[in-house]
Each structure stands twice: as structure tokens, then as C-alpha cells.
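The values are calculated or read from the model by the stated rules, or taken from the named source; none is laboratory data. These numbers were taken from a predicted model, which means no experiment stands behind them. Neighbour counts run over all protein chains shown; Cβ positions are idealised from the backbone, glycine included.
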Amino acid sequence: MRTVCRKTGLTGVTFIPFVIRVPFGIELVGRLATAYPDTIVGLKDSSGDWTNNESLLKEYPQLEIFPGSEAFLLKALRLGGTGCITATGGANPKGIREVFDRWQTDEADDLQDRISEIRKTIQRYPLIPAMKAMVSHFHDDPAWRTLAPPLLPLPPEAAGSLFADLAAIKFQIEPR
């Protein structure tokens, strides 16, 4: 990793355990941040583990820490987090932005509950196929259902269930 950082000028680290399949402890983050303070300036943690995000936020306040899901956004902001980098940001940008903008207000917890409800509904399905199906459905554009291999479109029955689940929580993607 040192060689990659030195040769690429990397300015952040993305931690996606299910992709890298290599343990990546918070101690390594500290060693990298200390060794390369002008290079390692932030980290996106897609572990899905709040405890890991929380440890990073508390241990390395000098780094820009981004949880990989809006489900942790409010808790992260309250600990000095920068925001979040999330796959579902394209489906619910307004709701996520409201939490970011209003995290210190009385309604922040309710706003967080709403974006978490939406996220939990979407992630019951394969995330990327579900997102593409949603955009296709709400914008009436079948081209959005196209996925690159190895991903496959959400089967019609699953898409129907997703749309019913979204309707049940009164959510739809806003028009362009």
C-alpha cells in the first residue's frame, strides 16, 4: 500500500471489505495517516459496521471520514464526520442533504429516521439492480434497467415488490 500511495498520489482510502477481502484495521489507517499526512487525508468506510466508523471518527479526527451509507450520517456528523458517500445518494439526494444541512436542529433525528427507512427498503434487494430499476421506473426510461456484467437487472417480480415497498413508505424519486 505504501508503494501505491507514493506512486499514485492517493488522497483517500476506500475501505470495502467484501471487495478487498483483506483485513484492514484502524491501526493501519493510523500508520498510513502518520506516514503520509499529505496523502492520506480521508477515508470512506463501507464496512457497514457502525462500530468501525465510530472508532475511525474518534481515533482520527484529522481525517475526513465518510461512512459508506446514509444510515450512519447523523451519528457520524455528531462525531465530526464529513458526510457520507452512498450508493443510494442518487435515489434520495434531497433527504440525505436535509440531514447534512440540518443535523444540529431538533428535527435531525426524524430526518435521519426517514432516510434510514428508505435505505433499508432499497437494500432488501440487490442494491445496484434495485437502484437502476427505480430510476427506470420513476423516470419511465427502460434504458436505465441495463446493467454491465456480472450484474443482472432486477427480475420483474422483485421490481414490482420493490415499487410496492417504496409506495408503502410513500417514497418516489423526484422528477428531473
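Structural remarks
To keep it simple, each residue is scored yes or no on (1) modelled with pLDDT of 95 or more; (2) crowded, with 16+ Cβ neighbours inside 10 Å; (3) in the same structural domain as Val29 (by TED's automatic domain parsing); (4) not in a strand (DSSP E or B).
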position	(1), (2), (3), (4)
Ile65	no, yes, yes, no
Leu73	yes, yes, yes, yes
Glu98	yes, yes, yes, yes
Glu157	yes, no, no, yes
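- Ile169 being at pLDDT 95 or above, surrounded by fewer than 13 Cβ atoms within 10 Å (Cβ to Cβ) and either under 19 Å from Ala71 (Cα atoms) or in contact with a Pro (Cβ under 9 Å, 6 or more places away or on another chain) (or both): yes
- Filter result for Ile40 (buried (at least 20 other Cβ atoms within 10 Å of the Cβ) and not assigned by TED's automatic domain parsing to the domain that holds Gln172): yes
- Within the range 28-58, the set of residues being touching a helix residue (DSSP H, G or I) at 6+ places or on another chain (Cβ under 6 Å) and farther than 28 Å from Gln123 by Cα comprises Tyr36, Thr39, Ile40.
- Within the range 133-155, the set of residues being assigned to a loop (DSSP other than H, G, I, E, B) and under 15 Å from Glu174 (Cβ atoms) comprises His139, Asp140, Asp141.
- Qualifying residue in the range 28-35 (condition: of a type outside the set (Gly, Ala, Ser) and under 22 Å from Ala91 (Cα atoms)): no
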